[in-house]
Amino acid sequence: SMSQVRAQAEIYFDSQATPTYVGMCASTDVDRLLDAADSNGPTTTGRDCDENASAWAAEHALHGGGFYCVDSVGVSKNIAATKGAAAVVCP
């Protein structure tokens, strides 16, 4: 589900009259993917998604601890701690 967030983010970006990621995290398709990750993750609150006009990053808690993070620059990786509120790249 987290890997598919990247594709949906680009579809969202391209569908805007003026290309932007603003609003992407709340879009129906991205929210549905994050919900799917919630159903597989340890809690329904172990996720975060942040965006600005030119970048975004999303993360979800892993069963074994830590988080999985994907972002607009192509990073997909495990991270030890949350990336922090409003961070639009994976650390």
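The values are calculated or read from the model by the stated rules, or taken from the named source; none is laboratory data. Worth saying up front: this structure is predicted, and the values here are computed from it rather than measured. Cβ: placed from backbone, ideal geometry, glycine included. Neighbour counts: every protein chain shown. For the accessible areas, the whole protein counts, side chains as well, though only heavy atoms, and no ligand, DNA or RNA atoms are used. Shrake-Rupley method; radii C 1.70, N 1.55, O 1.52, S 1.80 Å.
Length available on full extension from residue 17 to residue 53: 0.36 nm per residue minus the Cα-Cα distance, which gives 11.7 nm. Given [x] 55, 26, 19; [y] 41, 24, 19; [z] 35, 29, 24 as candidate values of Cα extents along the principal axes in Å, which corresponds to the one derived from the coordinates? Computing Cα extents along the principal axes in Å and matching it to [x] 55, 26, 19; [y] 41, 24, 19; [z] 35, 29, 24 gives [y]. Calculated accessible area for the chain comes out at 51 Å² per residue, all protein chains present (probe 1.4 Å; ligands, DNA, RNA ignored).
What number comes out for the charge environment of residue 88, summing +1 per Lys or Arg and -1 per Asp or Glu over other residues with Cβ under 14 Å away?
Working: positive: 6, 83; negative: 48, 50, 51, 59, 71.
So the surrounding residues net to -3.
Local charge for residue 60 was computed over the other residues whose Cβ lies under 10 Å away, with Lys and Arg +1 and Asp and Glu -1, and equals -2.
Stretched out fully, how many nm does the piece from residue 32 to residue 81 gain, at 0.36 nm a residue minus the Cα gap?
Working: separation 49, 0.36 × 49 = 17.64 nm, distance 2.35 nm.
Stretched fully, the residue 32-residue 81 segment lengthens by 15.3 nm.
Using Cβ point charges alone (K and R +1, D and E -1), the dipole size of the chain about the Cα centre works out to roughly 220 debye.
Here is how the number arises for the chain: DSSP H runs of 4 or more residues each give -39500 (n - 2.57), the sum is divided by the residue count, and the result at 222 nm is -9500 deg cm²/dmol. Along the axis of the charge dipole computed for the chain (Cβ charges of +1 for Lys and Arg, -1 for Asp and Glu, origin at the Cα centre), the listed residues 8, 67, 22 are led at the positive end by 67.
Taking Cα pairs under 8 Å and at least six residues apart, what relative contact order does the range 1-80 come out at, in percent?
Numbers: 129 pairs, mean separation 21.0, N = 80.
Across the range 1-80, relative contact order equals 26 percent.
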